[in-house]
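Undergrad: Questions regarding the structure given below will be posed in turn.
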C-alpha cells in the first residue's frame, strides 16, 4: 500500500466538536461518527489507518464565520494536516479573504452549495470564481445531494459544466465521486469534464460496478482519495478503494500522486 493522502476530512475546535457532531447527526440519524471530530481524534485515526496527510475542509455557513475559521486553519499542525480555508459566497470582501489564504499558504477552500444555500452556477457568484481562479485557489465542492433538509439541486452536473466553460483555469474537485447519491447522472452527464472527483462518502453506498464505470469514464488521473472523516472511517475507505480492480499505478495516483500534484507537494 502506498502512503495515502486523504483529501476530504472535517475537524472542529475541541470545545465545539461535541455540539457540532451532535447537531450534524440530527440531519442523518442513521449515520455515525468514527472520530470525535477533534484534531487529536483525526490524528489518532490517521496513525491507525496509515494516512500520511489529511486535507481538512471547513465550511462557513454564515459570512461572519469566515475570518475566524480561516485564522484557526492557518494555525494547523502541518506535519499531518493540509488546511483548506473557507469562503462564503455572500462575503463583502472576498478578495481580502483570498489574500489572507494565499499569504498563509492555504491552497484551497471548501464550498458547500447546500449548506451555504447557493446554486454554484448562479452568475452573481462569478466574480468570486474569477478571484479564486486568478489566485490559483483549489475549490472542493460538495456535489449532489446531502443527508439533511436540503433541496439537493444546488450542485448538479450541468452547473459544473457551466463553471468549467466560464472558468477554464479554475481547479475544481467535485466531492463524493461527482455527486452524492446521483451517481447514475454522474456516469451519464458528468464524466469526461476536466474536473477532479474525490472518493469520499461512497463505500457502503455506491455499487462497485457503477463506481468503476464512473472511474473509467472520468479517468484515474482525475480522481483523489477522500474519506469524509469523521462520518466515514478512513481505514474502511482505504480498504474499499484498494479492493477495486485498479492497477497498482492507478491506485498510486488515486491514493497519493494526484493529490501531490494538486497541492504542489
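Undergrad: Give me the residue from region 179-197 that is assigned to a loop (DSSP other than H, G, I, E, B) and out of contact with any helix residue (DSSP H, G or I) (no Cβ under 7 Å at 6 or more places or on another chain) and, out of that set, nearest to residue 146 (Cα to Cα).
TA: That would be 181.
Undergrad: In region 198-220, how many residues are farther than 20 Å from residue 52 by Cα and touching a helix residue (DSSP H, G or I) at 6+ places or on another chain (Cβ under 7 Å)?
TA: Residues that pass the stated criteria total 8.
Undergrad: Also, I was wondering about something else. Does residue 159 count as without any contact (Cβ under 8 Å) to a residue 12 or more places away in the chain and outside any loop (DSSP other than H, G, I, E, B)?
TA: no
Undergrad: Inspect region 237-247 for any residue being part of a helix (DSSP H, G or I), within 17 Å of the chain's Cα centre (by Cα), in contact (Cβ under 8 Å) with a residue 60 or more places away in the chain and surrounded by fewer than 18 Cβ atoms within 10 Å (Cβ to Cβ) and give the result as yes or no.
TA: Checked against the condition, which is being part of a helix (DSSP H, G or I), within 17 Å of the chain's Cα centre (by Cα), in contact (Cβ under 8 Å) with a residue 60 or more places away in the chain and surrounded by fewer than 18 Cβ atoms within 10 Å (Cβ to Cβ), region 237-247 yields no hits at all.
Undergrad: Something else about it: If I filter region 84-103 down to residues being touching a strand residue (DSSP E or B) at 6+ places or on another chain (Cβ under 8 Å) and in a loop (DSSP other than H, G, I, E, B), which single residue comes out as nearest to residue 263 (Cα to Cα)?
TA: 84
Undergrad: Related question: Any residue that is more than 15 Å from residue 107 (Cα to Cα), free of Cβ contacts under 8 Å to residues at least 60 places away in the same chain and exposed (fewer than 13 other Cβ atoms within 10 Å of the Cβ) - is there at least one of those in region 48-60?
TA: Among the residues of region 48-60, not one is more than 15 Å from residue 107 (Cα to Cα), free of Cβ contacts under 8 Å to residues at least 60 places away in the same chain and exposed (fewer than 13 other Cβ atoms within 10 Å of the Cβ), which makes the answer no.
Undergrad: Output the residues belonging to region 69-83 that are in a helix (DSSP H, G or I) and more than 15 Å from residue 109 (Cβ to Cβ).
TA: None - no residue of region 69-83 is in a helix (DSSP H, G or I) and more than 15 Å from residue 109 (Cβ to Cβ), so the list stays empty.
Undergrad: Also: Taking the conditions exactly as written (assigned to a helix (DSSP H, G or I), free of Cβ contacts under 8 Å to residues at least 24 places away in the same chain and crowded, with 16+ Cβ neighbours inside 10 Å), does residue 257 satisfy them or not?
TA: yes
Undergrad: Check 31, 14, 36 and return the single one that is assigned to a loop (DSSP other than H, G, I, E, B), over 20 Å from the mean Cα position of the chain (by Cα) and touching a residue at least 12 places away in the same chain (Cβ under 8 Å).
TA: Being assigned to a loop (DSSP other than H, G, I, E, B), over 20 Å from the mean Cα position of the chain (by Cα) and touching a residue at least 12 places away in the same chain (Cβ under 8 Å) holds for just one of 31, 14, 36, which is 14.
Undergrad: Right, another one. Which pairs have Cβ atoms under 7 Å, sit 6 or more apart or on different chains, and link a residue in region 195-223 that is on the phi > 0 side of the Ramachandran plot and surrounded by 23 or more Cβ atoms within 10 Å (Cβ to Cβ) to one that is modelled with pLDDT of 95 or more and not in a loop (DSSP other than H, G, I, E, B)?
TA: Close Cβ pairs satisfying both conditions: 201/180.
The values are calculated or read from the model by the stated rules, or taken from the named source; none is laboratory data. No experiment lies behind these values; they were computed from the predicted model shown. We place every Cβ from the backbone using ideal geometry, glycine too, and count neighbours over all the protein chains shown.
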